[in-house]
Amino acid sequence: DVQLKMPALASANEMTDLAFRSRNPNLWTAVTVSKVLHRLARNVPLVDSRVRRFYSVTWASDVRRELRDDIRRNRAWLADIAQSFPIRSEPMPLTRVADILIWMSVQ
């Protein structure tokens, strides 16, 4: 449950919101933070408009919960895809596989 809530990610989102609130336009959003952190930590899921639309949710915590549940239910075939498309000689993270599949399915 603690990992699902990703308190560090929530804190990063809050800090960037406060730090850049006065800027117009706000260059750092929750989407930007998730994309930066995703590059640094393999299992940080991307939270963007397509993923939110796919799950019909608004909040990043809801996206993470839905994504976690989907990965748990579909782990076997997602792992096969991850093995087929390695990144730096490692299987692609399942969060990335799911993100790509979601991105491809949402118009």
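The values are calculated or read from the model by the stated rules, or taken from the named source; none is laboratory data. Predicted model only: the values in this text are computed from it and were never measured. Every residue, glycine among them, receives a Cβ derived from its backbone with ideal geometry; neighbour counts consider all protein chains shown. Heavy atoms of the whole protein, side chains included, go into the accessibility calculation; ligands, DNA and RNA do not. Shrake-Rupley method; radii C 1.70, N 1.55, O 1.52, S 1.80 Å.
Some values worked out for this structure:
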item	result
Global geometry of the stretch 25-73, whether rounded, prolate or oblate, following the gyration tensor of its Cα atoms and the 1.5 cut on a/c	oblate
Full-stretch length increase - Leu101, Thr58 - with 0.36 nm per residue and alpha-carbon distance subtracted	13.5 nm
Exposure rank, largest accessible area first [Ile71, Ile100; 1.4 Å]	Ile100, Ile71
Karplus 3J(HN,Hα) series, Hz, for the stretch 82-99 with 6.51 cos²θ - 1.76 cosθ + 1.60 (x for Gly, Pro)	4, 5, 6, 10, x, 10, 6, 6, 10, x, 4, x, 4, 5, 6, 4, 4, 4
Among 86-95, 51-60, the order from most to least packed when residues are scored by Cβ within 10 Å on average	51-60, 86-95
